[in-house]
1. Between residues in region 44-57 that are outside any helix (DSSP H, G or I) and residues that are open to solvent by less than 60 Å² (accessible area, probe 1.4 Å) and aromatic (Phe, Trp, Tyr), which pairs lie under 6 Å by C-beta distance while being six or more apart or on different chains?
2. Collect the residues in region 72-88 that are in a helix (DSSP H, G or I) and of a type in the set (Val, Ile, Thr), keeping them in residue-number order.
3. Determine whether region 93-105 contains at least one residue that is outside any helix (DSSP H, G or I), surrounded by fewer than 18 Cβ atoms within 10 Å (Cβ to Cβ), modelled with pLDDT under 80 and in contact with a helix residue (DSSP H, G or I) (Cβ under 9 Å, 6 or more places away or on another chain).
4. State whether one or more residues within region 133-154 are among the aliphatic types (A, V, I, L, M), open to solvent by less than 20 Å² (accessible area, probe 1.4 Å) and modelled with pLDDT of 90 or more.
5. Can you tell me which of 10, 38 is open to solvent by 80 Å² or more (accessible area, probe 1.4 Å), modelled with pLDDT of 85 or more and more than 17 Å from residue 143 (Cβ to Cβ)?
6. Quick one: which of 183, 178 is part of a helix (DSSP H, G or I) and open to solvent by less than 20 Å² (accessible area, probe 1.4 Å)?
7. I'm told residue 141 meets every condition in (1) over 30 Å from residue 35 (Cβ atoms); (2) among the small types (Gly, Ala, Ser); (3) part of a helix (DSSP H, G or I) except one. Can you identify the failing condition by its number?
Amino acid sequence: RGLNPLSRIWKTCITCMSTRGTRMHRGTAFLSQVTNEWRHQRRRPFVWFCLVVYFLLAVGDTVQAGWSASGGSWINGADAIATRSIIYSILSILVAAGAVGEPMARDRVHAAAGGILTTAAGRVSLALGRFSVALALILVSGLMFLPGVWLGTQAPGILPEYIGPLVTEHYLRSAVTFIIPNFFLVSAIAFAVASRWQSQAVTPCSTRSAR
């Protein structure tokens, strides 16, 4: 009977160590999945295409606005930057469909779902790892409009009176208010749809109807 308290303490320690080990394993599995997903995504031409297109779109839109500007508004004013960020948020549907839909439908397309589930990575670590990498790439693509707008204001042929001072707050406010929330919302919807049906084809339709 005198060993019962010690036994209970020992069992409690074993339970705590087991729980801690499980959490560490989950964290390691998640980081491993993030690393593997990043290695896969960085080799996809679609990812680099989105980065370049968002940047060039912002540059070209700003240059066109400067060449055709009239009145007293600045092409890099708060209203102009906010308007462009809203437009780019709408285009995030296509980016989310490709960046989020593809990883979630990959196993079914390659008939590897059974083999993936037999690995050490759990369903949660697998899904969150893929979603985290895809979301990061989508946000980086959307934020490419920041340097794009600034570079567009440096184009020749734009009258100086249509170019205002560089106000970093305007860019950051548009990114925090429009780009990041909208891109996250669209990505979450694409993730939910692609996870449910494991099909990249239905992802653009669902995100378009949600908006």
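The values are calculated or read from the model by the stated rules, or taken from the named source; none is laboratory data. The model shown is predicted, which means the values in this text are computed figures rather than measured ones. Every residue, glycine among them, receives a Cβ derived from its backbone with ideal geometry; neighbour counts consider all protein chains shown. SASA here: full protein model, heavy atoms, side chains in, ligands and nucleic acids out. Shrake-Rupley method; radii C 1.70, N 1.55, O 1.52, S 1.80 Å.
1. As it stands, the answer is none, since no pair meets every condition given.
2. Pass one, region 72-88, residues in a helix (DSSP H, G or I): 78-88.
81, 83, 86, 87 - these are the residues of region 72-88 that are in a helix (DSSP H, G or I) and of a type in the set (Val, Ile, Thr).
3. no
4. Our first condition is that a residue be among the aliphatic types (A, V, I, L, M); within region 133-154, this holds for 133-140, 143-144, 146, 149, 151.
Checking the rest, the ones that are also open to solvent by less than 20 Å² (accessible area, probe 1.4 Å) come to 133-134, 138, 149.
Among the residues that remain, those that are also modelled with pLDDT of 90 or more are: 149.
Yes, that holds for at least one residue.
5. On the way: 10 fails: modelled with pLDDT of 85 or more.
Of the residues listed, the single one that is open to solvent by 80 Å² or more (accessible area, probe 1.4 Å), modelled with pLDDT of 85 or more and more than 17 Å from residue 143 (Cβ to Cβ) is 38.
6. Values: 178 fails: open to solvent by less than 20 Å² (accessible area, probe 1.4 Å).
Testing whether each residue is part of a helix (DSSP H, G or I) and open to solvent by less than 20 Å² (accessible area, probe 1.4 Å) leaves just 183.
7. With (1) over 30 Å from residue 35 (Cβ atoms); (2) among the small types (Gly, Ala, Ser); (3) part of a helix (DSSP H, G or I) applied to residue 141, the lone miss is (1).
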